[in-house]
Amino acid sequence: MALPQAKQTATEARIDALQLPEGGCTQAAREAALARLRQMGLPGRRDEYWKYTRPDTLVQPDAPEAAILDTGEAPVFDAFDRLRIVFVDGVFDAEASDDLQMEGVEIDRIHDICTRDIHWAKDLYGTLEARGQTPVPRPLAALNTAFARDGVAIRVTGRPSRPINLIYTHSDTASDAILHHVVRVESGAEATILENGPAASRFNKCMEIDIADTGSLHHVRAQGRDHERRAATHMFTRLGRESAYKSFTLTVNGVLTRNEQVVELTGDDAVAHVAGACVGDGDFHHDDTVFITHDAVNCESRQVFKKVLRNGATGVFQGKILVKEGAQKTDGYQISQSLLLDDDSQFLAKPELEIYADDVACSHGSTSGAIDETALFYLRARGIPEKEATDLLTLAFLAEAVEEVEDRDIAADIVARLEAWLSRHS
Amino acid sequence: MLEIKNLHVKLEEEDKRILKGVDLSVEAGSVHAIMGPNGSGKSTLSYVLSGRDGYEVSEGSATLEGADLLGMEPEERAAAGLFLAFQYPVEIPGVGNMTFLRTAVNAQRKARGQDELSASDFLKQVRERAKELKIDAEMLKRSVNVGFSGGEKKRNEILQMAVLEPKMCILDETDSGLDVDAMKLVADGVNALRDAGRAFLVITHYQRLLDHIKPDVVHIMADGRIVKSGGPELALEVEHNGYGDILAEVE
Ligand SMILES: Nc1ncnc2c1ncn2[C@@H]1O[C@H](COP(=O)(O)OP(=O)(O)O)[C@@H](O)[C@H]1O
Ligand SMILES: [Mg+2]
């Protein structure tokens, strides 16, 4: 089917502004992704999947300017012993990064996977993204696969002693970063990947994660506090038998963030948890779009998304659980909730279940509400001032999502960030 | 300690009068009890004193040690020494009981210009009080009142009172839903706090509690007014004859 003219024009204009990198062994994958992109076209305002989030600024040829935020405070995760991999405006910075050698993990730049002949990475690059294009097209991810300028390949073979921290720094007010990472967790291996930092004025990031039988991956990400940047991220995760994937994202501020998680449970007894907590003010717009496919027996999936919105901020949640035929004993849970701190803010939610197996337990719920006045009065009657009481209740609201972070110290750091954000905003 | 004069209260949302001229004076060191039929306005009185939204004071005054209570925010009233043990303690998922208590203690201390309590002093104090009330450590770790039985919620109110050490304690039907043992614990908790600088206003339906917490004065409330006051014998009269006789006599 031919694309509508406007969509085609917009797509070509964007493609013209980019250059297909010398892809070496990923060349074929990049060209295939470009062909996919041309076929589906970049998202437009009329697309059903972009009903609640305007894609214009993510699609336009040039990145809108975004100021560089210097908060003067220590970045998230700074207190933890971790292996740092730094990207500046989407380009790997070897100087700023740690030595990439660590027991239990092999880390390479995407550029080097061909010269070093890293088969698994060549095979994975673009594969899960392509699989994730059905039943819903994700054109910004195809664009990413085609045009990504940098990224890393991480192969977890054991149990590395430290988390791997991808740090994104922003130095050019018009930077337009496209990063593509591939991650393979081998059988029985387990690691934690942390991501943080403002990245760029416009950030398109894609991560493909392939978790072998009995492998585990923990992912914790912090976005913000820079406000003017725009980000579209995709995580495509495939899970084998008895494997686990746990991902949590904290987002504070940001005029436009669209985080997509596409998870496919392909081996029996696997577990996938994706969670997010966000707080935003004013022209904050945050979109969590999740698609979890159960294609094996006795798997568990859990989605927990909480949004605190004030002064006209917008939160979006589109979450789907698809249980394929034969995926019996599926345990699927999904909750998306917003706390609206005033009448101007809005939460738009589209929870979906699609089930083709008969022996499953799936539940989903979505709520939108204000601060509980009864609880607020109870706290105040004990002497806690209104602002402090409201903050306590707000943190309590976010707690169920933050609890998805298994590492207690990291969870505590995240709570501290949220507390600080809340105390700054009155 | 607490002076209430000709207090008239209506609902903010609708034209419903609930308190129709309450007069009450509670001296430091004393225990006053308020009894009265359901719907007579006892809880409303306690809410209005502690500053809950939704009520409008159309006439009258209420002061705590001379300070105008009605002009203060709820947290200011608490810092000034007022405490209400709620008839229906509120469940707050996600807020730990200890965090809640510590935040409350320190907020009150700050409002009074005192230093924050050190974490170890605070812990020690809470553990001691909790032990007296047979509140186990597990309960302290849970979210405020979440998953607590009716009796546990009431004991948790008394724990808060014991830790916050208010001057004026209002207990709204703290005995309802308690078995004899639990009531004894609550009464012991209250009695332990009785001293010359502190006063209690105990709202109850039953004489039972007043066997354990001996009141100095008993008031009968009906249709938004205190219709009769007397000594502890008044509570016994209610226990034996119900409110019928007293109300008929007042009419
Ligand atoms: N917020 C409210 N909305 C409607 N009616 C109320 C409200 N608060 C109190 N009332 C009414 O006021 C009267 C007194 O209630 P309350 O103070 O709870 O009495 P008591 O505690 O003595 O049983 C009752 O008729 C009750 O229904
Ligand atoms: Mg009552």
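The values are calculated or read from the model by the stated rules, or taken from the named source; none is laboratory data. Quick caveat: nothing in here was measured; it's all calculated off a predicted structure. Every residue, glycine among them, receives a Cβ derived from its backbone with ideal geometry; neighbour counts consider all protein chains shown. Side chains included, ligands, DNA and RNA excluded: accessible areas come from the protein's heavy atoms. Shrake-Rupley method; radii C 1.70, N 1.55, O 1.52, S 1.80 Å.
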Helix B:97-111 sits at what angle to the longest principal axis of chain B, using alpha carbons and giving 0 to 90 degrees rounded to 10? 80 degrees
iface B-A | buried accessible area, total | probe 1.4 Å | Å², round 100 | 1800 Å²
If you build the Cα gyration tensor of region B:83-166 and take the root of 5 times each eigenvalue, what three semi-axes come out, in whole angstrom, biggest first? 20, 14, 12
Which of A:Gly224, A:Gly72, A:Gly280 moves most in a GNM of chain A, Cα contacts under 10 Å? A:Gly72
Anything losing 20 Å² or more of accessible area from the isolated chain to the full protein assembly: pick those residues out of region A:349-390, probe 1.4 Å, ligands and DNA/RNA ignored. A:Thr374, A:Ala375, A:Phe377, A:Tyr378, A:Leu379, A:Arg380, A:Ala381, A:Arg382, A:Gly383, A:Ile384, A:Pro385, A:Glu388
As an exercise, take the mean of 1/r over every pair of distinct alpha carbons in chain A, invert it, and state the Kirkwood radius in angstroms. 21.8 Å
Which of the three applies to region B:1-108, rounded, prolate or oblate, going by the alpha-carbon gyration tensor with a ≥ b ≥ c and a/c under 1.5 meaning rounded? prolate
Hey, what's region B:1-156 come to in accessible area per residue, 1.4 Å probe, Å²? 46 Å²
The helix B:150-164 Cα axis meets the longest alpha-carbon principal axis of chain B at an angle in degrees, between 0 and 90 and rounded to 10, of 70 degrees
Taking all pairs of distinct alpha-carbon atoms in region A:192-341, Kirkwood radius in angstrom: 15.6 Å
Residues of region B:92-125 losing 40 Å² or more of accessible surface, assembly versus chain alone, probe 1.4 Å, please list them. B:Ile92, B:Val95, B:Phe100, B:Thr103, B:Ala107
Gain upon complete extension [B:Val57, B:Arg208; 0.36 nm per residue less C-alpha separation]: 51.1 nm
Using a probe of 1.4 angstrom, how much of the accessible area of region A:5-424 is carbon and sulfur, in percent? 46 percent
Those residues in region B:35-71 that give up at least 40 Å² of accessible surface, probe 1.4 Å, once the partner protein chains are present instead of the chain by itself are B:Arg52
State the cysteines of chain A left without a partner when partners are defined as other cysteines whose beta carbon lies under 4.7 Å away. A:Cys206, A:Cys278, A:Cys299, A:Cys362
Rg and Dmax [Cα atoms of region B:112-213; Å; Rg one decimal, Dmax integer]: 14.0, 41
I'd like the orientation of helix B:180-193 relative to chain B: the angle between its Cα long axis and the longest Cα principal axis, in ° from 0 to 90, rounded to 10. 80 degrees
How large is the accessible surface per residue of chain A, computed with a 1.4 Å probe and reported in Å² as a whole number? 38 Å²
On the protein heavy atoms, probe 1.4 angstrom, tell me the percent of accessible surface of chain B carried by carbon and sulfur. 46 percent
Computed Rg/Rh of region A:281-426, alpha carbon atoms with Kirkwood Rh: 1.05
One finds the C-alpha centres of region A:362-426 and region A:156-206 to be spaced, in Å, by 28 Å
In the neighborhood of A:Arg14, defined by Cβ-to-Cβ distances under 12 Å, what is the net charge if each Lys or Arg adds +1 and each Asp or Glu adds -1? -2
Determine the calculated [θ] at 222 nm for chain A from helices alone, applying -39500 (n - 2.57) to every DSSP H run no shorter than 4 residues and normalising by the residue count; nearest 500 deg cm²/dmol. -6500 deg cm²/dmol
What lysines sit close enough to B:Lys184 to cross-link, taking a C-alpha to C-alpha distance under 30 Å and skipping anything fewer than 8 places away on the same chain? B:Lys42, B:Lys124, B:Lys131, B:Lys134, B:Lys141, B:Lys153, B:Lys154, B:Lys167, B:Lys214, B:Lys228
Region A:13-83 to region B:10-53: how many Å between their Cα centroids? 62 Å
Low-density loop cleavage sites - GluC sites (Glu not before Pro) in region A:97-199, where at most 15 other Cβ are within 10 Å (DSSP): A:Glu103
If the convex hull of the alpha-carbon atoms of chain B is projected onto planes in all directions, what is the mean projected area in square nanometres? 13.5 nm²
